[in-house]
1. Can you name the number of the only condition in (1) within 16 Å of L186 (Cα to Cα); (2) open to solvent by less than 50 Å² (accessible area, probe 1.4 Å) that A125 fails?
2. In the stretch 108-164, which residue that is charged (D, E, K, R) and under 24 Å from E97 (Cβ atoms) is modelled with the lowest pLDDT?
3. Tell me, yes or no, whether the stretch 109-117 has at least one residue that is surrounded by fewer than 14 Cβ atoms within 10 Å (Cβ to Cβ), free of Cβ contacts under 8 Å to residues at least 24 places away in the same chain and among the aliphatic types (A, V, I, L, M).
4. Please find, among A57, A88, A75, the residue that is more than 25 Å from L33 (Cβ to Cβ), in a helix (DSSP H, G or I) and either touching a helix residue (DSSP H, G or I) at 6+ places or on another chain (Cβ under 9 Å) or open to solvent by 10 Å² or more (accessible area, probe 1.4 Å) (or both).
5. Would you mind stating whether A64 is open to solvent by 30 Å² or more (accessible area, probe 1.4 Å) and at pLDDT below 95?
6. Criterion first (over 17 Å from R192 (Cα atoms), of a type in the set (K, R), surrounded by 17 or more Cβ atoms within 10 Å (Cβ to Cβ) and out of contact with any Lys or Arg (no Cβ under 8 Å at 6 or more places or on another chain)) does R149 satisfy it?
7. Would you confirm, using the coordinates I've provided, whether A131 is touching a Leu at 6+ places or on another chain (Cβ under 8 Å), open to solvent by less than 20 Å² (accessible area, probe 1.4 Å) and outside any helix (DSSP H, G or I)?
8. What pairs can you find where one residue is in the stretch 174-194 and assigned to a loop (DSSP other than H, G, I, E, B), the other is surrounded by fewer than 14 Cβ atoms within 10 Å (Cβ to Cβ) and at pLDDT below 95, and their Cβ atoms are less than 8 Å apart, with a gap of 6+ or different chains?
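The values are calculated or read from the model by the stated rules, or taken from the named source; none is laboratory data. Note that the structure is predicted; figures quoted are calculated from it, not measured. Virtual Cβ from ideal backbone geometry, glycine too; neighbours counted across all protein chains shown. Just the protein is used for accessible areas: all its heavy atoms, side chains included, with ligands, DNA and RNA removed. Shrake-Rupley method; radii C 1.70, N 1.55, O 1.52, S 1.80 Å.
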Amino acid sequence: MNETTTVADDIEARIASRLKSRREELGLSLADLATRSGVSKPMISRIERREASPTAALLGRLCAGLDITLSGLMAAVEDKSLVLLTAAAQPVWRDPETGFERRAVTPAGTGSSVEIVQATLPPGARISYPALPAGAYDQHILGISGQLRFESGAEHFLIGPGDCLHCALDQPHAFANETGEPCRYLVTIARRKPR
C-alpha cells in the first residue's frame, strides 16, 4: 500500500466517522436521514461502516440531509493542525463514479467562514446537488481551464477560464463538463452568519 492510498483511506474513514457523528448530533436515526436525504438506509449504514465509498452526488445528498455543505463535511475531516496548507499537503478526494477530483485548498481549523476548493471535472461528467437552506450559504465559481456548465434551478451558465459566477445554494444545482477536455475550477463557499 503506497502513501497516497493510505491518505485516501484515512480521509474516507474520517468522512464515514463525521457523517455518523453529525447524524447522531442531530438526533437522527438511519431511517430519518434516509427520508431527509433520499439515500437508502442500507446505503447510509454501509457508508458509515466503510463498506461502500460514496460518490460526490451521494455525499451531496447526505450533506443536504445533515444541513451541511460537502465542503463543510470535508473541512471537518481534514487535518486541523496546519495553518499553512501547502499544495503537497492539501487533501484530495476522488469520486469513484465520475472521476471528479476535489482538492481542499483552505487550511482547516481556522474558524473561517470561507472554504476554497479546487475541482477537476472529467469530460462528460456531471454532478448534481440538492438545494441547501435558503440564505445559509453562497458561492463563487472561478473557471481555471476548460468550460464548466453550472446549473442552478432552471438557469444555466457556461464558465470559462477567468470567468467568475456568484450564486446562492438555495436551488438544486449541478456542475457539468460537456466538452472532451477536463475542466478545472475553484469554488469559494461562504457560510452566511445568522441575522
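1. (1)
2. Let us first name the residues in the stretch 108-164 that are charged (D, E, K, R), namely 115, 126, 138, 149, 151, 155, 163.
From what's left, under 24 Å from E97 (Cβ atoms): 115, 126, 149, 151.
Details: E115: 88, R126: 96, R149: 98, E151: 96.
Applying the filter and picking the extreme gives E115.
3. no
4. Values: A57 fails: more than 25 Å from L33 (Cβ to Cβ); A75 fails: more than 25 Å from L33 (Cβ to Cβ).
After applying the criteria, what remains is A88.
5. Details: open to solvent by 30 Å² or more (accessible area, probe 1.4 Å): no; at pLDDT below 95: yes.
No.
6. On the way: over 17 Å from R192 (Cα atoms): yes; of a type in the set (K, R): yes; surrounded by 17 or more Cβ atoms within 10 Å (Cβ to Cβ): yes; out of contact with any Lys or Arg (no Cβ under 8 Å at 6 or more places or on another chain): yes.
Answer is yes for this residue.
7. On the way: touching a Leu at 6+ places or on another chain (Cβ under 8 Å): yes; open to solvent by less than 20 Å² (accessible area, probe 1.4 Å): no; outside any helix (DSSP H, G or I): yes.
So A131 does not fit the description; no.
8. From residues that are assigned to a loop (DSSP other than H, G, I, E, B), the pairs are R192/S113; R192/G135; K193/S113.
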